[in-house]
1. Could you let me know the centre-to-centre spacing of segment 107-133 and segment 171-205, using Cα atoms, in angstrom?
2. Once the piece of chain linking residue 71 and residue 227 is laid out straight, how much longer is it, given 0.36 nm per residue of separation minus the C-alpha distance between them?
3. Translational diffusion coefficient, Stokes-Einstein: compute it for segment 232-321 using the Kirkwood radius over C-alpha pairs as Rh, at 25 °C and 0.890 mPa s, and state it as an integer in µm² s⁻¹.
């Protein structure tokens, strides 16, 4: 995708992309290892506590892990294929003399891929635990059995379970804030790179569309390289936005389940059921007041609205003109 032309605007954009990628990777390493190591350790400790409380290793379905692993492998393959195809295209069209500067680009591209995978992995891990928590929460029984003594004991047991799930939900919500603290800067820089790559893709398409004559093979190869690399960064944007959006949806799903359980309570409540109702109210209000979101260091939320903003602003008629 990068041509390293001697023309002013094109050279400026190429240098901007390389510098932005190097800066993103340096910040990723320094920020996580030096400045946010404590937050990462707290995140791991909270996740282990949730795993122990929810018995994740016993109850998590293997299909979910397999799907997650398959997504990781496919993205690695896609990133490597993009690099190999671009290398082949540049060597065939321009020769080895124009290939060497791209080594820095490929190395940084793969490092950014690893950063995106890391963020995707952590957000998906939180999402899977929210799913398991919601499944357990739906098993709470609010109806009164025939035996009164058994009813009281059973309701008290359900009340303690709701209390435990509420605490686990709070721990997972805190994990989202820790992810924002550790990876917020990286998400911000990666989003800037996504915008830059799409700008360059549109710029390349317009330039070659308006050009007359020239080598058709060179034009074809450059357009394909442009498409592949831009597709990779669009994939990054979709992965980050979708995984973060789905995690927040699962977090808010707990509130809907609490309201559904409250609606199932009978008209006349025993003392134990009153306690259960109070705990369900606290749980639902806790989610409402947390208002947790994945953010890029507070600049914007990472969700589907971000995708609409990026693509909508870059594909405006005045921009394309």
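No lab work stands behind these numbers, since they all come straight from the coordinates. Just so you know, these numbers come straight off a predicted model, no measurement behind them.
1. So the separation of the two Cα centres works out to 12 Å.
2. Values: separation 156, 0.36 × 156 = 56.16 nm, distance 2.11 nm.
Extra length from residue 71 to residue 227 when fully extended: 54.1 nm.
3. Numbers: Rh = 16.1 Å.
Calculated translational D: 152 µm²/s.
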